[in-house]
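Peer 1: Have a look at this one.
The values are calculated or read from the model by the stated rules, or taken from the named source; none is laboratory data. No experiment lies behind these values; they were computed from the predicted model shown. All Cβ positions, even for glycine, are placed from backbone atoms using ideal geometry, and neighbour counts span all protein chains on display.
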């Protein structure tokens with residue numbers, strides 16, 4: 001699957017967002033090593049703390065279905081040409097399940113996509129061996 005195809009799935013799933021407070025819909029499409037794709041959209045809550053980002057929804061759906069090997073995630077937020085990088089909590093969830101070369105695909109702001117590695121977005125992650 002190309003980055004553009006994965007990003008298109010993230011854009012498409014934004015319509016499922018529950019974002020009545022911020023009005024900022026986010027969609028994510030997570031590509032597993034076996035080619036399976038899990039999608040997620042952000043789900044807000046009036047007390048804010050229980051809000052869940054689209055990226056974590058996609059990861060938790062995949063992990064709850066037994067997936068543990070991931071290749072890439074695309075994240076689309078706001079307007080489809082808006083760059084919407086994952087928050088710190090989502091980056092740490094990615095670090096739990098992915099290697100440093102895991103790809104994060106974002107809008108480049110001009111109708112295309114830009115690919116980053118998890119290591120670029122989270123150079124000092126907190127791994128399990130820190131416990």
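Peer 1: Can you tell me which residue is nearest to the chain's Cα centre (by Cα) among those in the range 20-29 that are surrounded by fewer than 17 Cβ atoms within 10 Å (Cβ to Cβ) and either part of a helix (DSSP H, G or I) or touching a residue at least 24 places away in the same chain (Cβ under 8 Å) (or both)?
Peer 2: The qualifying residue nearest to the chain's Cα centre (by Cα) is 24.
Peer 1: For the range 69-82, check the following and say yes or no: at least one residue is over 12 Å from the mean Cα position of the chain (by Cα) and assigned to a helix (DSSP H, G or I).
Peer 2: Among the residues of the range 69-82, not one is over 12 Å from the mean Cα position of the chain (by Cα) and assigned to a helix (DSSP H, G or I), which makes the answer no.
Peer 1: Given 23, 66, 40, which one is under 23 Å from residue 98 (Cβ atoms) and out of contact with any strand residue (DSSP E or B) (no Cβ under 9 Å at 6 or more places or on another chain)?
Peer 2: Result of the check over 23, 66, 40: 66.
Peer 1: Search the range 103-112 for residues being buried (at least 20 other Cβ atoms within 10 Å of the Cβ) and in contact with a strand residue (DSSP E or B) (Cβ under 6 Å, 6 or more places away or on another chain), and hand back the single one that is farthest from residue 70 (Cα to Cα).
Peer 2: 106
Peer 1: Any idea which residue in the range 113-122 is surrounded by the fewest Cβ atoms within 10 Å (Cβ to Cβ), counting only those that are in contact with a helix residue (DSSP H, G or I) (Cβ under 8 Å, 6 or more places away or on another chain) and more than 14 Å from residue 10 (Cα to Cα)?
Peer 2: Only one residue tops the list, namely 115.
Peer 1: Now a separate question. Tell me the residue from 82, 49 that is at pLDDT below 95 and exposed (fewer than 12 other Cβ atoms within 10 Å of the Cβ), please.
Peer 2: Matching residue, one of 82, 49: 49.
Peer 1: Then there's this: Against the condition touching a residue at least 40 places away in the same chain (Cβ under 8 Å), out of contact with any helix residue (DSSP H, G or I) (no Cβ under 9 Å at 6 or more places or on another chain) and part of a loop (DSSP other than H, G, I, E, B), how does residue 7 come out, does it pass?
Peer 2: In short, no.
Peer 1: May I ask you to verify whether residue 69 is free of Cβ contacts under 8 Å to residues at least 40 places away in the same chain and loosely packed, with under 13 Cβ neighbours inside 10 Å?
Peer 2: yes
Peer 1: Of the numbered conditions (1) crowded, with 21+ Cβ neighbours inside 10 Å; (2) at positive phi, residue 74 satisfies every one except a single condition; which is it?
Peer 2: Answer for residue 74: the failing condition is (2).
Quick grid of which residues meet (1) assigned to a loop (DSSP other than H, G, I, E, B); (2) under 20 Å from residue 4 (Cα atoms):
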| site | (1), (2) |
| --- | --- |
| 46 | yes, no |
| 63 | no, no |
| 66 | yes, no |
| 90 | no, no |
| 93 | no, no |
| 99 | yes, no |
| 115 | no, yes |
| 126 | yes, no |
